[in-house]
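Following: one structure in structure tokens, then a few remarks.
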Amino acid sequence: MEQILTEQPDVVLLNMDGVIDQPLRFVLELYLYDITIPHFIGISSNKDQVYQAMKHGFYDYLLTPISRTEIRKSFLRYQKIYRKAPELVCLKSYKDYHYLDTSEILFLKADNNTTDFHMLDGKIITAFKTLKTYEDQLPDHFKRIHKSYIINISKVTRIDFGKAQCKLANIERSIPFSKKFKDNIDDIHRSLYNASYHRSN
């Protein structure tokens, strides 16, 4: 459990024959936490739990003894179905091309005629073009919320309408938003609210 919560792998091979007590309950427990649930491949010496495993969303179920070929086939099927090529943005400076995975971008900040890309790992990468240039290039999950900021919607953890600012994952600082871009903030709030579990007060 600690490894899954810390590393958040894409795929987990789970021995169904007693290494973990009640393996299906173990899988259900993961839904209590704010993580992306991995795809499970069950491993067992018999077919007794195949039906329940598939009802719990297992991607595959392999019977022991397992050959390397069978494991390889299972992973190749997984990659064909689920693995998507990353969406990239290209930062060009003369003959230098820098490719950024958009899922790793937290936000963009304008700095005169340059743009700083703030990344998940804490790095700041400067591009020598205006924020407007990237506003037109980035995928739909990036929204401009201020004359100086574009944010990655998928990294938003809090919107404070009273203080006109929002919080993003992995950073302490707040990002301001302005009235000019209120429609964008309302769209972000609506999409996140509709996708979340919530209670009426």
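The values are calculated or read from the model by the stated rules, or taken from the named source; none is laboratory data. Bear in mind the structure is a predicted one, so any value in this text is a computation, not a measurement. So basically every Cβ, Gly included, is an ideal-geometry build from the backbone, and we count neighbours across all protein chains shown. Remember, those area values only see protein heavy atoms, side chains included, never the ligands or the DNA or RNA. Shrake-Rupley method; radii C 1.70, N 1.55, O 1.52, S 1.80 Å.
Quick notes on this one:
- The listed residue being among the hydrophobic types (A, V, I, L, M, F, W, C) and either touching a residue at least 60 places away in the same chain (Cβ under 8 Å) or on the phi > 0 side of the Ramachandran plot (or both), out of PHE128, PHE75, PHE117, PHE58: PHE75
- Where PRO65 falls short, out of the listed (1) under 29 Å from the mean Cα position of the chain (by Cα); (2) surrounded by fewer than 16 Cβ atoms within 10 Å (Cβ to Cβ): (1)
- Filtering the range 1-29 to residues that are assigned to a helix (DSSP H, G or I) and either modelled with pLDDT under 85 or of a type outside the set (A, V, I, L, M) (or both) leaves GLU2, GLN3, THR6, GLU7, PRO23, ARG25, PHE26, GLU29.
- Test: residue in the range 81-93 that is of a type outside the set (Val, Ile, Thr), touching a Leu at 6+ places or on another chain (Cβ under 6 Å), part of a strand (DSSP E or B) and in contact (Cβ under 8 Å) with a residue 12 or more places away in the chain: no
- Members of the range 72-116 that are open to solvent by less than 80 Å² (accessible area, probe 1.4 Å) and hydrophobic (A, V, I, L, M, F, W, C): PHE75, VAL89, CYS90, LEU91, LEU100, ILE105, LEU106, PHE107, LEU108, ALA110
- Selected residue (criterion: farthest from THR133 (Cα to Cα)) from residues of the range 155-193 that are open to solvent by 80 Å² or more (accessible area, probe 1.4 Å) and not in a loop (DSSP other than H, G, I, E, B): TYR193
- LYS163 vs. criteria modelled with pLDDT of 90 or more and in contact with a strand residue (DSSP E or B) (Cβ under 7 Å, 6 or more places away or on another chain): no
- Complete set of residues in the range 145-154 that are open to solvent by less than 50 Å² (accessible area, probe 1.4 Å) and part of a loop (DSSP other than H, G, I, E, B): SER148
- Of the residues making up the range 16-54, those that are over 17 Å from ILE4 (Cβ atoms) and open to solvent by 90 Å² or more (accessible area, probe 1.4 Å) are LYS47, ASP48, TYR51.
- Criterion violated by PHE75 - all others in (1) at pLDDT 85 or above; (2) touching a helix residue (DSSP H, G or I) at 6+ places or on another chain (Cβ under 7 Å) satisfied: (2)
- For the range 117-138, filtered to residues that are touching a Leu at 6+ places or on another chain (Cβ under 7 Å) and not hydrophobic (A, V, I, L, M, F, W, C), the residue that is surrounded by the fewest Cβ atoms within 10 Å (Cβ to Cβ) is TYR134.
- Residue match in the range 28-50 (condition: among the aromatic types (Phe, Trp, Tyr) and in contact with a strand residue (DSSP E or B) (Cβ under 6 Å, 6 or more places away or on another chain)): yes
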